[in-house]
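Read-outs throughout are calculated quantities, based only on the coordinates presented, and are distinct from any laboratory measurement. Every value quoted in this text rests on a predicted model; they were computed, and no experiment measured them. Heads up, the Cβs are rebuilt from the backbone with ideal geometry, glycines too, and the neighbour counts pull from every protein chain shown.
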C-alpha cells in the first residue's frame, strides 16, 4: 500500500479549486472496519469468514484471510497509520486468537493471549497502535466456572493483561493511540459497560484502568457519574470518544483532561449516540444514534470542531453537494487518521438492499472547508519558513502531519510566530484548542 508522496500532497493542496468530494459504494453486505490514509477499506463480507481489503477506486477486493467476527470469534481489522499492518483475529491451535496482519508479506502472526479457550475461541484483536507495534483487544481469563475476559495489549515482547477493576467482570480494549501509551475500552460494571482508560506505567506495563467521569470532582463509583464505554482515541492520546448512556442523557461524547466531557449533542427523534471513530487530531468525529423505535434505521452523524453535530446524509448532500440517490447511510463507522476518508454502510431506500461506502471528503467542499470558516488566520501560506497565527486567548496549538502524526504541541497567544523551516515539505494541519472549542487551518510547507 503506497503512501502519497510529498509532491502529491502539495499538488493536492495547491489545486483546491478542483479537488472534489466523492461517494463510492458497493452493492452488497460488506462490513467496513476501518479506512486508511490512502483510502483502502478493511472489513469482511460475511460473519466468520475472512477479512478483506476493498479498493473503492478500482472496485477490487483482496482476501487477506484471518477470522472475521462470528460463531464466537471477535475482532476487527484496523489499519496502522502507514497502512502496513492490521489488527484482527486468525486461527491458532486453540481456535481464533488475537493476531497482526502484515500487508507487505501477506501473512498473519498470532500475537498472543492469556492461554485459555472458551467455546473454541481464545482472544480477539480489536485495534492496532498507529506505529503498528501493538494489538489490543481481549482474551479469556482463567477462572473456572466463570466466562469473562480481560483487556489485553500484545506486541512482540509478550502479552500484557490489562485486568479488571472487579472480580468476574469483563473488560475489553477497543482503541489505542499512536504509540500504545493510551488504551481505551470498557469495564463491565453491574450490567452496563462503562468507560475504561489505561495509561502506560513508567515502571512497566499499564496502570489499572480508570473511569472517565462526567464530573471530574464527583464520585468515581457512581454509575451516574461514569461515562459509557470508550470507542476512540486521538493519535496523541489526549482525546477520547465514547458511547452515551443514562449518565449523560445518551449523547455521544468526547473528553480530554483539559476540557472534561464534551457532549456532542442529540439529533431529533433518535436514541443513544455512539462515537465510532475520530481523526488523528480529534477534530472530526463520526458515529450514529440508535433508533428510538424497533425497526427504524439508525441515524448517522458527523461532528467537526467548526461545524458541530450534523446528520451525516444531510452533510453529504447539503455541505459536500453530493447526490447519493436512494443510498441512505446508516452507520459511518471509520475515518482515516488524516481525516480525508470515511467508510461505513447503509441501506437503499427503494430496494432495502445493503451497501458499503467510502466517502472521499476532497479538499474544498469537505470537512476542511467547514473548519476554514473559523477565525483562525495562518500566513503566509504556502511558506518556506515562519508562519504567523493570530490567537486572541491562550490556546493549545497542535501541528499534525498529513499522515495524522503529531509534530509538536505548545501554548500560544497573540501574534504567534511558528518556525517551520526545519519541517519536511508537505501539508500540515494546525489545531487550536481553548475552552473546549477548536479552530483549524492547513499550511503547505515547501
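Here are the numbers for this structure:
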read-out	value
Global geometry of the stretch 21-371, whether rounded, prolate or oblate, following the gyration tensor of its Cα atoms and the 1.5 cut on a/c	oblate
Gain in span if fully extended, residue 167 to residue 201, counting 0.36 nm per residue against the direct Cα distance	10.0 nm
Calculated SAXS-style log₁₀ I(q)/I(0) at q = 0.11, 0.19, 0.23, 0.24 Å⁻¹ - the stretch 378-445, Debye, Cα scatterers	-0.22, -0.68, -1.00, -1.09
Antiparallel DSSP beta bridges within the stretch 378-445, as percent of all bridges there, nearest 5	95 percent
FRET efficiency, residue 388 to residue 258 (Cβ-Cβ, R0 25 Å, nearest 0.05)	0.55
Fully extended contour minus Cα-Cα distance, from residue 29 to residue 156, at 0.36 nm per residue	42.3 nm
FRET efficiency for residue 91 and residue 133, using Cβ-Cβ distance with R0 set to 30 Å, rounded to 0.05	0.85
Projected label distance in nm at residue 220 and residue 104, using a 7 Å step from Cα toward the beta-carbon	4.1 nm
Cα-projected label distance for residue 381 with residue 119, points at 7 Å along beta-carbon direction, nm	5.1 nm
Cα pair count fraction exceeding 21 Å, expressed as % - the stretch 160-234	23 percent
Modelled FRET efficiency - R0 22 Å, residue 84 with residue 408, Cβ distances, 0.05 increments	0.35
As computed over the stretch 91-142, the Cα convex hull volume per residue (Å³)	70 Å³
Helix-only CD estimate at 222 nm, as mean residue ellipticity for the chain, using -39500 (n - 2.57) per DSSP H run (n ≥ 4)	-1000 deg cm²/dmol
